Amino acid sequence: MNSKTLSISIDCSVNKAYEFISNPENLPQWSFFESVKKVNDQWIAETRDGPMNIRFVDRNEFGIVDHFVTPSPDESIIVPMRIIPNGTGCEVIFTAFQQPMMSEGQFNQDLDQVQQDLETLKQLLEQMT
């Protein structure tokens, strides 16, 4: 499976970035998710392709905000994401995988969306500082 890792430097502390990014309720502010709500013990994200379950890894002290997106009951996609110190700010690192049924063009569109999401995240976090 092809993959590409994208990153962005953000003038915001690792802790502040982690608190914001690890909260699923904040996803619509910086990602392609249109809305997110908790139903029972699961987070459901609304997208232009329909609802998807989303689950973050447990809170941790390492800046790991990996999450799993489940567009259908038989498909779960891991989204590796890290927040690491970069001087007084942080670096947000996101790895995207080309899914089996995804063309090269679709993968490139996905990468463009991820880059746009990271830039939106940067703007939001730097305004909050």
Task: Total residues in segment 26-54, condition under 18 Å from Val114 (Cα atoms), open to solvent by 40 Å² or more (accessible area, probe 1.4 Å) and not small (Gly, Ala, Ser) - done: 7
TODO: Find the residue count for segment 56-68, including only residues that are surrounded by 15 or more Cβ atoms within 10 Å (Cβ to Cβ) and part of a strand (DSSP E or B).
DONE: 3
Open item on the list: I need a count of the residues in segment 1-26 that are among the β-branched types (Val, Ile, Thr) and within 13 Å of the chain's Cα centre (by Cα).
Closed with: 3
Open item on the list: Would you confirm, using the coordinates I've provided, whether Phe33 is within 13 Å of Leu121 (Cβ to Cβ), at pLDDT below 95, outside any strand (DSSP E or B) and not polar (S, T, N, Q)?
Closed with: yes
Open item on the list: Kindly evaluate Ser35 against the criterion of being over 22 Å from Leu6 (Cβ atoms) and touching a helix residue (DSSP H, G or I) at 6+ places or on another chain (Cβ under 6 Å).
Closed with: yes
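The values are calculated or read from the model by the stated rules, or taken from the named source; none is laboratory data. These figures come from a predicted structure and were not determined experimentally. Please note: Cβ atoms are built from the backbone with ideal geometry, for glycine as well, and neighbour counts cover all protein chains shown. Surface accessibility is based on the protein's heavy atoms, side chains included, excluding ligands, DNA and RNA. Shrake-Rupley method; radii C 1.70, N 1.55, O 1.52, S 1.80 Å.
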